[in-house]
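Presented below is the structure to which this report refers.
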Amino acid sequence: MLPARFRTPLFAAIVVMLLVALVSAGKSRHRSPAKCPTIKLKRQWGGKPSLGLHYQVRPIRYVVIHHTVTGECSGLVKCAEILQNMQAYHQNELDYNDISYNFLIGNDGIVYEGTGWGLRGAHTYGYNGNGTGIAFIGNFVDKLPTDAALQAAKDLLACGVQQGELSEDYALIAGSQVISTQSPGLTLYNEIQEWPHWLSNP
(Lines give C-alpha, C1' and ligand atoms only; values in the text may rest on other atoms or scores of the structure.)
Protein backbone atom coordinates (compact mmCIF):
# COMPACT_ATOMS: atom_id res chain seq x y z
CA MET A 1 0.00 0.00 0.00
CA LEU A 2 1.19 3.55 -0.79
CA PRO A 3 2.14 5.82 2.12
CA ALA A 4 -0.63 8.24 3.12
CA ARG A 5 1.12 11.25 1.57
CA PHE A 6 0.87 9.57 -1.86
CA ARG A 7 -2.88 8.94 -1.52
CA THR A 8 -3.99 12.59 -1.69
CA PRO A 9 -6.29 13.91 -4.46
CA LEU A 10 -3.51 16.26 -5.59
CA PHE A 11 -1.08 13.38 -6.09
CA ALA A 12 -3.71 11.39 -8.00
CA ALA A 13 -4.40 14.38 -10.26
CA ILE A 14 -0.67 14.79 -10.99
CA VAL A 15 -0.36 11.10 -11.90
CA VAL A 16 -3.34 11.36 -14.27
CA MET A 17 -1.89 14.48 -15.93
CA LEU A 18 1.47 12.76 -16.41
CA LEU A 19 -0.18 9.71 -17.97
CA VAL A 20 -2.22 11.92 -20.36
CA ALA A 21 0.93 13.82 -21.35
CA LEU A 22 2.82 10.57 -22.04
CA VAL A 23 0.01 9.19 -24.18
CA SER A 24 -0.26 12.46 -26.15
CA ALA A 25 3.50 12.56 -26.73
CA GLY A 26 3.40 9.00 -28.01
CA LYS A 27 0.60 9.85 -30.43
CA SER A 28 2.41 12.91 -31.81
CA ARG A 29 5.56 10.89 -32.39
CA HIS A 30 3.59 8.30 -34.33
CA ARG A 31 1.46 10.64 -36.42
CA SER A 32 0.62 9.10 -39.75
CA PRO A 33 2.76 10.51 -42.55
CA ALA A 34 1.29 12.92 -45.10
CA LYS A 35 -0.18 11.22 -48.13
CA CYS A 36 2.34 12.03 -50.84
CA PRO A 37 0.93 12.19 -54.37
CA THR A 38 2.10 10.03 -57.24
CA ILE A 39 5.10 11.75 -58.86
CA LYS A 40 6.36 10.84 -62.32
CA LEU A 41 10.08 11.51 -62.49
CA LYS A 42 11.57 13.47 -65.36
CA ARG A 43 13.07 10.36 -66.91
CA GLN A 44 9.61 8.74 -66.87
CA TRP A 45 8.03 11.50 -68.95
CA GLY A 46 10.97 11.67 -71.37
CA GLY A 47 12.54 14.88 -70.08
CA LYS A 48 16.08 15.82 -71.06
CA PRO A 49 18.80 16.42 -68.44
CA SER A 50 19.20 19.92 -67.05
CA LEU A 51 21.85 22.06 -68.72
CA GLY A 52 22.96 23.34 -65.32
CA LEU A 53 22.14 22.54 -61.70
CA HIS A 54 21.70 25.27 -59.08
CA TYR A 55 20.90 23.91 -55.64
CA GLN A 56 18.65 25.66 -53.15
CA VAL A 57 19.06 25.97 -49.40
CA ARG A 58 16.27 23.96 -47.81
CA PRO A 59 13.69 24.18 -46.35
CA ILE A 60 12.19 26.43 -49.01
CA ARG A 61 10.35 29.54 -47.86
CA TYR A 62 7.97 30.24 -50.77
CA VAL A 63 5.63 28.26 -52.99
CA VAL A 64 4.55 30.00 -56.20
CA ILE A 65 1.49 28.74 -58.07
CA HIS A 66 1.27 29.04 -61.87
CA HIS A 67 -0.58 27.58 -64.83
CA THR A 68 1.10 26.60 -68.08
CA VAL A 69 -1.41 28.14 -70.55
CA THR A 70 -1.18 25.01 -72.68
CA GLY A 71 -3.70 22.31 -73.40
CA GLU A 72 -4.86 20.23 -70.45
CA CYS A 73 -3.93 16.59 -70.06
CA SER A 74 -4.66 13.36 -68.27
CA GLY A 75 -2.49 10.28 -68.56
CA LEU A 76 1.24 9.92 -69.05
CA VAL A 77 1.28 9.89 -72.88
CA LYS A 78 -0.64 13.15 -73.36
CA CYS A 79 1.04 14.96 -70.46
CA ALA A 80 4.51 13.79 -71.52
CA GLU A 81 4.02 15.29 -74.96
CA ILE A 82 3.10 18.66 -73.46
CA LEU A 83 6.01 18.55 -71.00
CA GLN A 84 8.57 17.56 -73.63
CA ASN A 85 7.47 20.42 -75.88
CA MET A 86 7.52 22.83 -72.97
CA GLN A 87 11.01 21.79 -71.89
CA ALA A 88 12.30 22.12 -75.45
CA TYR A 89 10.83 25.63 -75.69
CA HIS A 90 12.27 26.68 -72.32
CA GLN A 91 15.73 25.31 -73.08
CA ASN A 92 16.04 26.17 -76.78
CA GLU A 93 14.04 29.38 -77.12
CA LEU A 94 14.21 30.96 -73.67
CA ASP A 95 17.73 29.71 -72.90
CA TYR A 96 16.73 28.20 -69.53
CA ASN A 97 18.66 25.31 -68.05
CA ASP A 98 15.54 23.18 -67.80
CA ILE A 99 11.77 23.23 -67.80
CA SER A 100 11.03 26.22 -65.64
CA TYR A 101 8.81 24.70 -62.92
CA ASN A 102 9.74 22.44 -60.02
CA PHE A 103 6.54 20.41 -60.40
CA LEU A 104 3.61 20.27 -62.83
CA ILE A 105 0.19 18.71 -62.25
CA GLY A 106 -2.11 17.02 -64.75
CA ASN A 107 -5.89 16.88 -64.59
CA ASP A 108 -5.82 13.30 -63.31
CA GLY A 109 -3.88 14.38 -60.21
CA ILE A 110 -0.53 12.97 -61.30
CA VAL A 111 2.40 15.22 -60.37
CA TYR A 112 5.28 15.50 -62.84
CA GLU A 113 8.79 16.32 -61.72
CA GLY A 114 10.27 19.40 -63.36
CA THR A 115 13.46 20.51 -61.66
CA GLY A 116 12.11 18.82 -58.52
CA TRP A 117 12.84 19.56 -54.88
CA GLY A 118 15.96 21.50 -54.00
CA LEU A 119 16.87 22.72 -57.48
CA ARG A 120 16.28 26.24 -58.70
CA GLY A 121 13.74 26.66 -61.47
CA ALA A 122 13.01 29.68 -63.66
CA HIS A 123 9.35 30.22 -62.85
CA THR A 124 9.23 33.56 -60.98
CA TYR A 125 11.86 36.30 -61.09
CA GLY A 126 13.04 37.03 -57.54
CA TYR A 127 11.62 33.76 -56.16
CA ASN A 128 13.58 31.11 -58.04
CA GLY A 129 16.30 30.76 -55.42
CA ASN A 130 14.00 30.53 -52.40
CA GLY A 131 10.79 29.28 -53.98
CA THR A 132 9.23 26.14 -55.39
CA GLY A 133 7.18 26.69 -58.55
CA ILE A 134 4.12 24.46 -59.01
CA ALA A 135 2.24 24.73 -62.29
CA PHE A 136 -1.15 23.28 -63.19
CA ILE A 137 -1.10 22.03 -66.78
CA GLY A 138 -3.72 24.01 -68.67
CA ASN A 139 -5.35 27.44 -68.68
CA PHE A 140 -7.32 28.37 -65.58
CA VAL A 141 -8.48 31.90 -66.24
CA ASP A 142 -12.18 31.01 -66.24
CA LYS A 143 -12.31 27.56 -64.65
CA LEU A 144 -10.61 25.52 -61.96
CA PRO A 145 -8.34 22.51 -62.37
CA THR A 146 -10.02 19.22 -61.50
CA ASP A 147 -10.56 18.23 -57.87
CA ALA A 148 -7.91 15.53 -58.36
CA ALA A 149 -5.35 18.11 -59.50
CA LEU A 150 -6.14 20.50 -56.64
CA GLN A 151 -5.89 17.69 -54.09
CA ALA A 152 -2.59 16.53 -55.57
CA ALA A 153 -1.16 20.02 -55.08
CA LYS A 154 -2.29 20.09 -51.45
CA ASP A 155 -0.83 16.63 -50.86
CA LEU A 156 2.45 17.68 -52.49
CA LEU A 157 2.70 20.69 -50.18
CA ALA A 158 1.99 18.62 -47.06
CA CYS A 159 4.50 16.01 -48.20
CA GLY A 160 7.11 18.70 -48.85
CA VAL A 161 6.76 20.01 -45.31
CA GLN A 162 6.97 16.56 -43.80
CA GLN A 163 10.08 15.68 -45.78
CA GLY A 164 11.82 18.93 -44.80
CA GLU A 165 11.76 20.33 -48.34
CA LEU A 166 9.37 23.16 -47.47
CA SER A 167 9.47 25.31 -44.37
CA GLU A 168 6.69 24.53 -41.89
CA ASP A 169 5.64 28.17 -42.20
CA TYR A 170 6.13 28.47 -45.97
CA ALA A 171 4.25 31.26 -47.75
CA LEU A 172 1.94 30.43 -50.67
CA ILE A 173 1.67 33.03 -53.42
CA ALA A 174 0.53 33.36 -57.03
CA GLY A 175 2.93 34.30 -59.79
CA SER A 176 0.73 37.30 -60.66
CA GLN A 177 1.34 38.83 -57.23
CA VAL A 178 5.05 39.34 -57.81
CA ILE A 179 5.72 39.44 -61.57
CA SER A 180 3.92 40.78 -64.64
CA THR A 181 1.80 37.76 -65.57
CA GLN A 182 -1.80 36.57 -65.38
CA SER A 183 -0.61 33.20 -64.06
CA PRO A 184 -2.16 31.15 -62.49
CA GLY A 185 -5.37 32.47 -64.05
CA LEU A 186 -8.04 34.44 -62.21
CA THR A 187 -10.23 31.50 -61.19
CA LEU A 188 -7.34 29.48 -59.81
CA TYR A 189 -5.93 32.63 -58.19
CA ASN A 190 -9.16 33.05 -56.22
CA GLU A 191 -9.14 29.37 -55.24
CA ILE A 192 -5.65 29.31 -53.73
CA GLN A 193 -6.42 32.35 -51.57
CA GLU A 194 -8.47 29.96 -49.43
CA TRP A 195 -5.57 27.53 -48.90
CA PRO A 196 -3.42 27.40 -45.77
CA HIS A 197 -0.25 29.52 -45.84
CA TRP A 198 -1.70 32.05 -48.31
CA LEU A 199 0.29 35.30 -48.23
CA SER A 200 -1.77 38.26 -49.43
CA ASN A 201 1.08 40.80 -49.49
CA PRO A 202 4.41 39.22 -50.49
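For the reader, a short list of remarks on this structure follows.
Condition check ((1) touching a Phe, Trp or Tyr at 6+ places or on another chain (Cβ under 9 Å); (2) small (Gly, Ala, Ser); (3) open to solvent by 10 Å² or more (accessible area, probe 1.4 Å)) across all residues:
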position	(1), (2), (3)
ARG61	yes, no, yes
GLY71	no, yes, yes
SER74	no, yes, yes
GLU93	no, no, yes
ASN97	no, no, yes
PHE103	yes, no, no
GLY106	yes, yes, no
GLY116	yes, yes, no
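- Here THR70 fulfils each of the conditions (1) in contact (Cβ under 8 Å) with a residue 40 or more places away in the chain; (2) under 25 Å from LYS35 (Cα atoms); (3) not in a strand (DSSP E or B) apart from (2).
- Some residue of region 87-94 being charged (D, E, K, R) and either at positive phi or in a loop (DSSP other than H, G, I, E, B) (or both): no
- The lone exception for ALA148 - which of (1) open to solvent by less than 50 Å² (accessible area, probe 1.4 Å); (2) touching a helix residue (DSSP H, G or I) at 6+ places or on another chain (Cβ under 9 Å); (3) without any contact (Cβ under 8 Å) to a residue 60 or more places away in the chain; (4) among the hydrophobic types (A, V, I, L, M, F, W, C) it fails: (2)
- Qualifying residues in region 118-132 (those that are more than 19 Å from ARG43 (Cα to Cα), touching a residue at least 40 places away in the same chain (Cβ under 8 Å) and among the small types (Gly, Ala, Ser)) - the one least open to solvent (accessible area, probe 1.4 Å): GLY131
- Condition check for TYR189: modelled with pLDDT of 95 or more and either more than 25 Å from GLU81 (Cα to Cα) or surrounded by fewer than 17 Cβ atoms within 10 Å (Cβ to Cβ) (or both): yes
- Qualifying residue in region 152-169 (condition: touching a residue at least 12 places away in the same chain (Cβ under 8 Å), over 17 Å from LYS35 (Cβ atoms) and buried (at least 23 other Cβ atoms within 10 Å of the Cβ)): no
- Pair list, Cβ < 6 Å and 6+ apart or interchain, from region 100-115 residues that are free of Cβ contacts under 8 Å to residues at least 60 places away in the same chain and under 13 Å from GLY138 (Cβ atoms) to residues that are open to solvent by 10 Å² or more (accessible area, probe 1.4 Å) and aliphatic (A, V, I, L, M): ASP108/ALA148
- Exactly one residue among GLN163, GLN182 is over 16 Å from GLY106 (Cα atoms), more than 14 Å from the chain's Cα centre (by Cα) and not small (Gly, Ala, Ser), and that residue is GLN182.
- Checking each residue in region 95-124 for being outside any loop (DSSP other than H, G, I, E, B) and out of contact with any helix residue (DSSP H, G or I) (no Cβ under 9 Å at 6 or more places or on another chain) picks out GLU113, LEU119.
- Residue match in region 194-202 (condition: surrounded by 15 or more Cβ atoms within 10 Å (Cβ to Cβ), in contact (Cβ under 8 Å) with a residue 24 or more places away in the chain, at negative phi and of a type in the set (Phe, Trp, Tyr)): no
The values are calculated or read from the model by the stated rules, or taken from the named source; none is laboratory data. These figures come from a predicted structure and were not determined experimentally. Note that we place each Cβ from the backbone using ideal geometry, even for glycine, and neighbour counts take in every protein chain shown. Please note that ligands, DNA and RNA were not included when accessible areas were found on the heavy atoms of the full protein model with its side chains. Shrake-Rupley method; radii C 1.70, N 1.55, O 1.52, S 1.80 Å.
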